[in-house]
Amino acid sequence: MISLLVVNYRSAALAAEAIRTAHAASSTPLQVVVVDNSDEADALRPHADVVIASATNRGYAGGINDGRRVCTGEILIACNPDVTFAPGAIDALAAELANGAAVAGPALFWDDAHAWLLPPSDRNTAGEKIDEVLASRSPKWAAQRDRRRFRKRLAFWSASETREIDALSGAVLAIRAEAFDALGGFDERFALYFEETDFLRRAAERQMRIVYAPRARVRHLYNQSASQVASEAAMRYAQSELRYLEKWNGPFLARLLKRLEKSTRFPTPITPKTASEYVIEASPLPSFDTAAGRFSKAPDLSLPPDVAASWRGGPLYLRAVTPDGDVVATVEWRP
């Protein structure tokens, strides 16, 4: 049996759709467990086998741990409420676990047409943080880092076959239940953000196999729950990042790196150039430190209507990039 474990926060309608599409994406019957961190348990009961109504907002990590206790499946599909599964997606993830993976993650898309791919995840090591800090202080370093990260995204988006990976998005994770239990579940110090990063890092330390399975396709609306408490989400991100750096690198280095980083934005250099193909990227950050992207024959800096309608954040920054990393156009988009 497979247990679908959904952690909900004020997104009951989205959670119901996630559950509906999950059933259609699996040829195996699903046990549906929902952990409600808000006040929507009654609305979710018709859609689930078990609903746990949290007395307080337990966060994603706490919600997953609470839900695990009542899951009976050998496979856990842990997910946010703001996802929709494409046909066969859960079958594809389950097949990867049957082939020896401890954790598998799907290709995540921003739009219904599955054209806009969401960014790869980072392991957030001390080395990666030092790279980020240096980029915040040096325009030259920032430009070099931007090219490196663009190349990483391009390789990730171009993958068509399953491959081993060291970081996955927590929006959807297929986890063997025995692996989850062996790792002691999620670390609840990370109430929002970094919980899956820490979990996967511990899995890698135990030499558990982690894979990215691009044949499993899922749309992730992105930022639906967090945007409802934007200021709190930003605060929790900063807290979780510091706790993560402290856990893996010690308090001294963690606090030093946080003190050294700056929020300075360096202008993206524009290179007048034409190409036969472009990568169109969109990011909530003007630095494009992370970005969603799609492949295009033209430098068309526009968003599909379903993405524009679902966006709950502030401005988005769009740019057209050639495959070799030259930025040829940028624009700021506001909802």
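Of all the criteria given as (1) surrounded by 12 or more Cβ atoms within 10 Å (Cβ to Cβ); (2) modelled with pLDDT under 90, the one not satisfied by GLY314 is (1). Within the stretch 308-323, the residues that satisfy the criterion of being touching a residue at least 40 places away in the same chain (Cβ under 8 Å) and either over 22 Å from ALA143 (Cα atoms) or not in a strand (DSSP E or B) (or both) are SER310, TRP311, ARG312, GLY313, THR322, PRO323. For the stretch 184-215, which positions are assigned to a loop (DSSP other than H, G, I, E, B) and under 26 Å from SER26 (Cα atoms)? Within the stretch 184-215, GLY185, PHE186, MET208, ARG209 meet the criteria. Taken as a whole, the stretch 222-229 holds at least one residue that is crowded, with 18+ Cβ neighbours inside 10 Å, in a helix (DSSP H, G or I), under 13 Å from the mean Cα position of the chain (by Cα) and of a type outside the set (Val, Ile, Thr).
Scan the stretch 262-271 and tell me whether some residue there is part of a loop (DSSP other than H, G, I, E, B), closer than 22 Å to TRP157 by Cβ and either out of contact with any His (no Cβ under 8 Å at 6 or more places or on another chain) or touching a residue at least 40 places away in the same chain (Cβ under 8 Å) (or both). Don't jump to the end; show me each part of the working.
Kept after step one, since they are part of a loop (DSSP other than H, G, I, E, B), are these residues of the stretch 262-271: 262-271.
If we keep only those that are closer than 22 Å to TRP157 by Cβ too, we end up with 268, 271.
Still in the list and also either out of contact with any His (no Cβ under 8 Å at 6 or more places or on another chain) or touching a residue at least 40 places away in the same chain (Cβ under 8 Å) (or both): 268, 271.
There is at least one residue in the stretch 262-271 that is part of a loop (DSSP other than H, G, I, E, B), closer than 22 Å to TRP157 by Cβ and either out of contact with any His (no Cβ under 8 Å at 6 or more places or on another chain) or touching a residue at least 40 places away in the same chain (Cβ under 8 Å) (or both).
If you go through the stretch 272-282 and keep only what is closer than 20 Å to GLY293 by Cα and either surrounded by fewer than 16 Cβ atoms within 10 Å (Cβ to Cβ) or free of Cβ contacts under 8 Å to residues at least 12 places away in the same chain (or both), you end up with LYS273, THR274, SER276, GLU277. Summed over the stretch 230-250, the residues that are at pLDDT 95 or above, part of a helix (DSSP H, G or I) and over 29 Å from ARG163 (Cα atoms) give a count of 3. Taken over the stretch 97-127, the criterion of being in contact with a strand residue (DSSP E or B) (Cβ under 8 Å, 6 or more places away or on another chain), outside any loop (DSSP other than H, G, I, E, B) and within 30 Å of LYS247 (Cα to Cα) is satisfied by LEU97, VAL103, ALA104, GLY105, PRO106, ALA107, LEU108. Looking across the stretch 178-214, the residues that are in contact (Cβ under 8 Å) with a residue 60 or more places away in the chain, over 26 Å from THR56 (Cβ atoms) and more than 17 Å from the chain's Cα centre (by Cα) come down to GLU178, ALA179, ALA203, MET208, ARG209. Among the residues of the stretch 61-69, not a single one is among the small types (Gly, Ala, Ser) and modelled with pLDDT under 95. Kindly establish whether GLY88 is in contact with a strand residue (DSSP E or B) (Cβ under 9 Å, 6 or more places away or on another chain), surrounded by 15 or more Cβ atoms within 10 Å (Cβ to Cβ) and under 24 Å from GLU178 (Cβ atoms). Here the answer is no, as GLY88 does not meet what is asked. One residue stands out among those in the stretch 283-312 that are in contact with a strand residue (DSSP E or B) (Cβ under 8 Å, 6 or more places away or on another chain) and acidic (Asp, Glu): the one that is farthest from PHE150 (Cα to Cα), which is ASP300. Within the stretch 128-159, being touching a residue at least 40 places away in the same chain (Cβ under 8 Å), under 26 Å from ILE90 (Cβ atoms) and outside any loop (DSSP other than H, G, I, E, B) holds for ARG153, PHE156, TRP157.
When ALA174 is tested against the conditions (1) in contact with a helix residue (DSSP H, G or I) (Cβ under 7 Å, 6 or more places away or on another chain); (2) within 29 Å of PRO305 (Cβ to Cβ), the lone failure is (2).
Quick check: is even one residue across the stretch 251-261 modelled with pLDDT of 90 or more, under 21 Å from VAL331 (Cβ atoms) and in contact with an Asp or Glu (Cβ under 7 Å, 6 or more places away or on another chain)?
We begin by selecting, within the stretch 251-261, every residue modelled with pLDDT of 90 or more; these are 251-261.
From what's left, under 21 Å from VAL331 (Cβ atoms): none.
Among the residues of the stretch 251-261, not one is modelled with pLDDT of 90 or more, under 21 Å from VAL331 (Cβ atoms) and in contact with an Asp or Glu (Cβ under 7 Å, 6 or more places away or on another chain), which makes the answer no.
Restricted to the stretch 1-86, the set of strands (runs of 3 or more DSSP E) holding at least 3 residues that are under 21 Å from ASP187 (Cα atoms) comprises 2-8, 30-36, 75-79. Taking the conditions (1) in contact with a Ser or Thr (Cβ under 7 Å, 6 or more places away or on another chain); (2) buried (at least 19 other Cβ atoms within 10 Å of the Cβ); (3) touching a residue at least 40 places away in the same chain (Cβ under 8 Å) in turn, MET1 satisfies each one other than (2).
The values are calculated or read from the model by the stated rules, or taken from the named source; none is laboratory data. Every value quoted in this text rests on a predicted model; they were computed, and no experiment measured them. Methodologically, a virtual Cβ is constructed for each residue, glycine included, from the backbone with ideal geometry; neighbour enumeration extends over all protein chains shown.
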